[in-house]
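Okay, structure first, notes after.
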Amino acid sequence: MGNVYYTLKERGYIDQVTYEDELAELLGKESVTFYIGFDATADSLTLGHFLQIMVMMHMQRAGHRPIALLGGGTTMIGDPSGKSDMRKLLTKEEIDHNAARFKEQLSKFLDFSDDKALMVNNADWLLDLNFLDFMREIGVHFSVNRMLTFDCYKNRMERGLTFFEFSYMLMQSYDYLKLYRDYNCRLQVGGSDQWSNILGGYELIRKLEGAKVYAMTFNLLTTASGKKMGKTESGTIWLDPNKTSPYELYQYLRNTDDRDVEKFLCLLTFLPMDEIKRLASLEGAEINKAKEVLAFEVTKMIHGEEEAIKAQNAAKALFAGAKEEGSIPFTEFDKSVFEEGIGILDLLKNVGLTKSNSEGRRLIEQGGISIDGVKVEDIGKVVSLEDFDEGKILLRKGKKVYHQVRIK
């Protein structure tokens, strides 16, 4: 197996790295313990996190040992990087619940048997820190003047930055020091927006331990239009099938912009590069075959092959005009709801296809909503039992977003 550093570089993951030649040599000759942190801000990881998970899988497959650091402690503060306002504070119970869900999801992708990977929670050392002791040992090594030059803080100065958030870099840097001391962790990786925070830990270890450690960031998962991948008009793409169904994930990836197909095949699948080049070279309508491969491969990794096949079959059935595939997202209502009828604008909101009446009104006026293939032209339409065929109707938003309504 080749050096994983060059694999990551060829596939387009790497953004910035310290001592590139040294790190590449190190990763090529011995097993390196590395870590990446996941702040527990929600009860599921996202498609954006999946890029980070892919890096960890590549590294583990090459013989290196990942540490998945759950941010039970740092989530109590919240990372100001890329944020225009202070993050909503979560309770300890919410954070613990989220961290437990992350642990469950990460276990699907990494092998934690026989210490091949570790999962630790920074709440175990951050929550009981003595403030004065921490500042005397750690705080003295951080220059406020220098910290204020970092984008993660500089971009917040006009809107306001609390000391609470300002301390985040110290906490994350201490994490790296702790993991170095306890597990000989010599590499921290993370998204490109984490470069300043990661350098803080890298420099802290050098000052306190006199040791050579490394930092590496990878490119954020963005589309050709500059948007973060995994963010849609209707919300975030989650790895939890109860929050984003396998079918919705498949359809999201199937609708990838032509310009992004090669990039996402490189970053989100383990397909060989020559196969990716072949798929990316397809032109015209043929590029849709590459998108189907992308959607299937990612859905299979996240939800399993059976769910990926069901999602693929559902997508093909819908394209052919069928309506009865079980993996199409659906909402079930009591029959009584439709005995008197429900307005189409309310129904669209209730099933999550729109966020407001104004959005629903705009879509209908633009011809973007249909029921069982028939365009809805009246914003005042009332959906009643007469509209149902065998207890089901199929709503369509735009050309590619489907949702089934069932009555019980």
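The values are calculated or read from the model by the stated rules, or taken from the named source; none is laboratory data. For clarity, every value in this text was computed on a predicted model and none was experimentally measured. Using ideal geometry, Cβ is built from the backbone for each residue, glycine included, and neighbour counts are taken over all protein chains shown.
Just a few scattered comments:
- Near pairs, Cβ below 6 angstrom, 6+ apart or cross-chain, from region 260-273 (without any contact (Cβ under 8 Å) to a residue 40 or more places away in the chain) to any residue that is among the acidic types (Asp, Glu): Thr269/Glu297
- Boolean, Lys323 is modelled with pLDDT under 90, buried (at least 16 other Cβ atoms within 10 Å of the Cβ) and among the basic types (Lys, Arg): yes
- Selection status of Glu307, among the acidic types (Asp, Glu), under 18 Å from Pro246 (Cβ atoms) and at pLDDT 85 or above: yes
- Filtering region 381-401 to residues that are out of contact with any strand residue (DSSP E or B) (no Cβ under 8 Å at 6 or more places or on another chain) and of a type in the set (A, V, I, L, M) leaves only Val401.
- Where strands (runs of 3 or more DSSP E) sit wholly within region 1-82, those with at least 3 residues that are more than 30 Å from Lys277 (Cβ to Cβ) occupy 33-38, 65-70.
- Looking across Asp43, Asp39, one residue alone is over 16 Å from Gly190 (Cβ atoms) and modelled with pLDDT under 95. It is Asp43.
- Filtered residues of region 329-345 (kept if surrounded by fewer than 15 Cβ atoms within 10 Å (Cβ to Cβ) and under 33 Å from the mean Cα position of the chain (by Cα)): Thr331, Glu332
- Condition check for Gly72: under 19 Å from Met169 (Cα atoms), surrounded by 15 or more Cβ atoms within 10 Å (Cβ to Cβ) and not assigned by TED's automatic domain parsing to the domain that holds Cys266: yes
- Sole residue being farther than 14 Å from Gln312 by Cβ, outside the structural domain of Lys397 (by TED's automatic domain parsing) and among the hydroxyl-bearing types (Ser, Thr, Tyr), chosen from Ser281, Ser245: Ser281
- Among the helices (runs of 4 or more DSSP H) confined to region 157-229, the ones with at least 3 residues that are crowded, with 17+ Cβ neighbours inside 10 Å are located at 168-183, 195-209.
Residue-wise test of (1) assigned by TED's automatic domain parsing to the domain that holds Tyr250; (2) without any contact (Cβ under 8 Å) to a residue 60 or more places away in the chain; (3) closer than 27 Å to Ile237 by Cα.
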site: Asp346; (1), (2), (3): no, yes, yes
site: Lys349; (1), (2), (3): no, yes, yes
site: Gly352; (1), (2), (3): no, no, yes
site: Leu385; (1), (2), (3): no, yes, no
site: Lys399; (1), (2), (3): no, yes, yes
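- Residues in region 250-277 that are among the hydroxyl-bearing types (Ser, Thr, Tyr) and not in a helix (DSSP H, G or I) were compared, and the one that is nearest to Val298 (Cα to Cα) is Thr269.
- Exclusive hit being over 26 Å from Glu292 (Cα atoms) and basic (Lys, Arg), set Lys316, Lys310, Lys375: Lys375
- Here Lys375 meets the list (1) farther than 27 Å from Leu47 by Cβ; (2) at pLDDT 90 or above; (3) among the basic types (Lys, Arg) almost entirely, failing just condition (2).
- Looking across region 174-222, the residues that are touching a Phe, Trp or Tyr at 6+ places or on another chain (Cβ under 8 Å), among the β-branched types (Val, Ile, Thr) and over 19 Å from Phe142 (Cα atoms) come down to Val189, Thr217.
- Boolean, Asp389 is over 28 Å from the mean Cα position of the chain (by Cα), of a type in the set (D, E, K, R) and either within 29 Å of Gln312 (Cβ to Cβ) or buried (at least 17 other Cβ atoms within 10 Å of the Cβ) (or both): yes
- Counted residues, region 354-384 - those being touching a helix residue (DSSP H, G or I) at 6+ places or on another chain (Cβ under 6 Å) and surrounded by 14 or more Cβ atoms within 10 Å (Cβ to Cβ): 8
- Residue check for Met135: at pLDDT below 90 and surrounded by 13 or more Cβ atoms within 10 Å (Cβ to Cβ): yes
- Criterion (modelled with pLDDT under 90, more than 26 Å from Ile67 (Cβ to Cβ) and of a type in the set (Lys, Arg)) met by exactly one of Lys263, Lys277, Lys227: Lys227
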